[in-house]
Amino acid sequence: LTSGVIAIAIGGGHACALTIAGGVKCWGWNGEGQLGNGTTVNSSTPIDVSGLTSGVAAIAAGEYHACALTIGGGVKCWGQNDRGQLGNSTTTNSSIPVNVSGLTIGVTAIAVGAFHTCALTASGGAKCWGYNNAGQLGNGSNADSHVPMDVTGLTAGMVVITTGTFHTCGLAIGGGMKCWGANEYGQLGNGTNVNSSTAVDVT
């Protein structure tokens, strides 16, 4: 990978690269299948992610999982899935990419937290799934979700989504910012240290 790479993503103990040809290669720790090559064997050199040698527009990595956005607007994830972070209606790890339920088209961006995943739709809506201990899915609850859920109040008008370990933030068309999830350090930016399971305005 001394040339031809257009994007990179770093997880807890693994890394991935997106090539100019639209292929994904990953390397590092693979105990949860996060290298996506059909094994759980670590690799100290880049290896192709199964089925993703072309057609990928963006990549993102979490603690022990990774996801890809295809040029057709679909989302595929692989690796650890104990909290439903792969979004395929199960909690079974997968060492190869699986389709995220209901998101085979219409997605424009992805973001991956430690154990949760989020997507931005073409209509400007935000959806999240996976671990929800601090409300980082933004759907008004603290229950994990194994499939994408709408972020409450953010079904349109969003242009950027990004994730932290246990919180998530979005940027609206008008330039305003909203965050949700863990807030013990004030990371939601709303003047409190109280977690929020729904999106709050950044002060």
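The values are calculated or read from the model by the stated rules, or taken from the named source; none is laboratory data. Just so we're clear, the structure is a prediction, and the values are computed from it rather than from any experiment. Neighbour counts are summed over all protein chains in view; Cβ atoms, including those assigned to glycine, are modelled from backbone coordinates with ideal geometry. These accessible areas exclude ligands, DNA and RNA; they are computed on the full protein's heavy atoms, side chains included. Shrake-Rupley method; radii C 1.70, N 1.55, O 1.52, S 1.80 Å.
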*Search segment 19-30 for residues that are at positive phi and pair each with any residue that is surrounded by fewer than 18 Cβ atoms within 10 Å (Cβ to Cβ) and of a type in the set (K, R) when their beta-carbon atoms are under 7 Å apart and the residues are at least 6 apart or on different chains.*
none
_Residue list for segment 11-55, restricted to those being assigned to a strand (DSSP E or B), of a type outside the set (S, T, Y) and open to solvent by less than 30 Å² (accessible area, probe 1.4 Å)_ = H14, A15, C16, A17, L18, V24, C26, G28
_Filtered residues of segment 164-182 (kept if surrounded by fewer than 21 Cβ atoms within 10 Å (Cβ to Cβ), among the small types (G, A, S) and farther than 23 Å from G12 by Cβ)_ = A172, G174, G175, G176
*Considering I59, I8, which residue is at pLDDT 95 or above, in a strand (DSSP E or B), closer than 28 Å to G125 by Cβ and open to solvent by 50 Å² or more (accessible area, probe 1.4 Å)?*
I8
*What tally of residues in segment 183-201 results from selecting those that are part of a loop (DSSP other than H, G, I, E, B) and either free of Cβ contacts under 8 Å to residues at least 12 places away in the same chain or crowded, with 21+ Cβ neighbours inside 10 Å (or both)?*
8
*Could we say that G174 is assigned to a loop (DSSP other than H, G, I, E, B), among the small types (G, A, S) and at positive phi here?*
no
*Name the strands (runs of 3 or more DSSP E) wholly inside segment 70-155 in which the number of residues that are under 22 Å from D201 (Cα atoms) is 1 or more.*
107-112, 116-121, 126-130, 145-150
*Under the condition of being crowded, with 17+ Cβ neighbours inside 10 Å and touching a residue at least 40 places away in the same chain (Cβ under 8 Å), which residue from segment 153-163 is farthest from the chain's Cα centre (by Cα)?*
L154
